[in-house]
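S.K.: First the structure, which I've put down as structure tokens, then a few questions once you've had a look.
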Amino acid sequence: MVLFNDMSKSLADSQLQTLMYVIAAILLMFAMLLGSVVLALVALIPNVIAAVSVTAVMDYAEIPRDLMTSTIAVISIGQAMYFTSTVICFGLSVLFPTSCQLYTSACCMRWLC
């Protein structure tokens, strides 16, 4: 039982450290994709909310952290990142069609402008 508790604590610490690396990588990716650090920080908000809410619900429901629950947290981050990139890239071109060239330096919506 002691070995299992040590493994669970190590997994939780590793998951938190990996989450910080993932958030930094997402910020860098959105900064390159959108060409603006401010837009990247705005795009990072849903990703952080998804990661925190899933882990908070699992902790509140007293679901033990193991490899499968860690996978669920990672999947939620991936879905939030896909949703955010879709909304930001295609939403900007719909909301601001005349200023679309401001965001097309490295953005995926270049073909929409």
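The values are calculated or read from the model by the stated rules, or taken from the named source; none is laboratory data. Since this is a predicted model, take the numbers as computed values, not measurements. Neighbour counts run over all protein chains shown; Cβ positions are idealised from the backbone, glycine included.
S.K.: Could we say that Ala40 is aliphatic (A, V, I, L, M), assigned to a helix (DSSP H, G or I) and at pLDDT 85 or above here?
M.R.: Taking the combined requirement at face value, the residue satisfies it.
S.K.: Considering only segment 24-34, I want to know if a residue exists there that is loosely packed, with under 14 Cβ neighbours inside 10 Å, modelled with pLDDT under 85 and not acidic (Asp, Glu).
M.R.: yes
S.K.: Can you report the number of residues in segment 60-74 which are free of Cβ contacts under 8 Å to residues at least 12 places away in the same chain, more than 19 Å from the chain's Cα centre (by Cα) and surrounded by 12 or more Cβ atoms within 10 Å (Cβ to Cβ)?
M.R.: The qualifying residues number 1.
S.K.: Can we say Thr86 is surrounded by 12 or more Cβ atoms within 10 Å (Cβ to Cβ), at pLDDT 70 or above and assigned to a helix (DSSP H, G or I)?
M.R.: Here the answer is no, as Thr86 does not meet what is asked.
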